[in-house]
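Bear in mind these aren't lab numbers, they're just calculated from the coordinates by the rules spelled out. All of these numbers come straight from a predicted model, not from anything done at the bench. FYI the Cβ positions are ideal-geometry reconstructions off the backbone, even for glycines, and counts take in every protein chain you see.
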Amino acid sequence: MIKKSRKLVKGMPSAVGLSILIHAALFLLAGMLVVFTVVKKEEKKFVPPKAVERPKMKLRKPKVKVKKTSKPKPSTRIVTKVQRASLPDIQLPEMSGMSEGLVGGLGGFDIMPDLGEESLFGSGQSIGNDFEGTFYDLKRDRRGRPIPSSPEKYLQDVKEFVRSGWKSSEFARYYRSPKKLYATHFMIPVVPSVLGPEVFDENTGGWLWLAHYKGELVHKDGITFRFRGSGDDLMIVRVDGELVLNGSIDQGATTPHWQTPEPTEYGKYWLGSTGSVVGDWITLEPGVPLDMEVLIGESRGDFFCAMLLVEVKGVKYERVGRLMAPDLPMFTTTEITRDQLEAIHANLVPGEAGVTNGPIFRDYELPAVAIVTNDTGAGDPPVTDLPLYDTAEDKMRMWAGVDGKFMEAKFVAVIGDKVVLKDARGKQRKIPLAQLSDEDRLFTELARPPKFNIDFSKKSSQRSIDKGPYNHGGIIWLEKVCDFVFTTKLRQRSAGKYNHELKVEFFAIGEEIDGDNYILLDRQTSRFTPTKENGQSHSFHGVPVALHVRDWSQISMYRGQKYGGYLVVVTDSRGKVVDVGSSHKWLPGLLSKLREFPVSRHFDKTGARVAPPRPIIWY
């Protein structure tokens, strides 16, 4: 029995171990089943692959040669048929700066579009019914590099251009300016030929250049007319694919296949620097536009003109001028602004052509616009010296003290730390500044403005216009340009501190050599506070200003502008004038007008805007 029980006891650990192993295996199997089941039921997720880094390459802009002949013809800038009922819906941009500064309440320009940068050759902004101008320089290649050239080659190129049907590709090998101008008229009296390239931002000399304008010719009611024009050196007009006028000096060299229909009229009436030429009759149906192109240019240099007039069939024109020429109006597609009118008249000999008496070539109607050609200044107050802010003449005012008491008195002066006041009975009292209210102390400080030594200076240089290597002689003239930069400097000469800001304005004035009017050359404003740090002084300068002088030695005609004087005004924070410097006694009296007057325009001694002087008959 003892042995048997030992055997049983001896076997127990083995059974227990076996049982543990069996249970462990069962638990492991159950766990694996659970895990596989969960994994099987879990949704499969997509994991994107890692991005592949690729080498970066610099892309070059493709260079594609586009033939000029394949360029689509612009149509959105040309105004064609407009229904009268929809006219009020036309929105014209505001004319900024036109009504501003026109002395005497001149108006009538608010319906005109803002032409931006204006010149005799066109504006930098299109108004729709205008001609887009492209500038070519025939002495440079398409990249702007100088190339062999001559006036003879120039005329041959123009001839080939006309023969090709006015294809711009004929000038593809020459330099073309990226800037475009938009012309509403072709009325350029005698001017230096360098003006043509300059208005297109090209300073390459005034010879061997041309400008090609494209647009549409239209009239709302229909009209039969012909052009009369002149060009020195080049002026050719094409309408509806047909040549209708060549007013160039070298007419035969450029269009030998076209002749004026009235050869007896050739050169009979002077227009600019050469005789005028009559063109073919043109009939426009009401509201039906025709393509129109104008080519102007200069071959030899010197001076330039291109003038295009209109003669309406059946209209009798008054005979004017020394040669009794018909008073034909200039061609235009819109009413001209006052600035345009003055620019034309400044170089147009009286009696050669009319400016505002002709038809308007467009297919819609605008309200009448009053073009003011001269401002007589009637009703203007007499010219007097500008009254300075005189503290001794201040009116009675109520003074307040820190103790709450009030006194009505007039400011007299400040002595030390006391203010001198005069009451209604004429009795003077000295009151410490410390006893005054903050408002009264500020009044006292502003009532003692500093006095300045005012210095107005000008830095100038002179240059001559290069007339080019092909100047043909003839009438000899010399064009000089004087470049100015004006500077104003103030230095305090009175004692004491003044811790308030001052405004300084200067007005640079020019004069016409052959007239009795003046020109606002430059207007600048600056602000400063006279302190110890700036040495109680201040200086500032204006923008570069160019004055032109033209000397026609053979006919004793001397025209242009010269420096004429200045006005410097110092005002405090209240707008009170505290100091003035001026070259003329009458200039300070025009301060309010000069503040609003358009720069580069002409005025008289009353401040009224006037037209520039007209040239004399010199041919």
The extension gain from Glu439 to Ala253, computed as 0.36 nm times the residue separation minus the Cα-Cα distance, is 58.7 nm
Rounded to one decimal in nm, the spacing of the 7 Å Cα→Cβ label points at Asp221 and Val420 is 7.7 nm
Highest mean packing first, using Cβ neighbours within 10 angstrom, the peptides 207-220, 140-153 sort as 207-220, 140-153
Place a point 7 Å from the Cα of Asn203 in the direction of its beta carbon; the residues of the range 432-473 whose amide N falls under 17 Å from it are 460-468
In the neighbourhood of Ser248 defined by beta carbon distances under 10 Å, the net charge of the other residues (Lys, Arg +1; Asp, Glu -1) is -3
Here the range 517-569 gives, from Cα atoms, an Rg and Dmax in Å of 18.0, 59
Here, Asp403 and Arg595, labelled 7 Å along Cα→Cβ, have an inter-label distance in nm of 4.2 nm
Here the FRET efficiency for Arg493 versus Lys316, based on Cβ atoms and R0 = 56 Å and rounded to 0.05, is 0.20
With Tyr558 itself left out, Lys, Arg at +1 and Asp, Glu at -1 over residues whose Cβ is under 10 Å from its Cβ give 0
FRET efficiency for Thr525 and Thr264 from the Cβ-Cβ distance with R0 = 41 Å, rounded to 0.05, comes out at 0.10
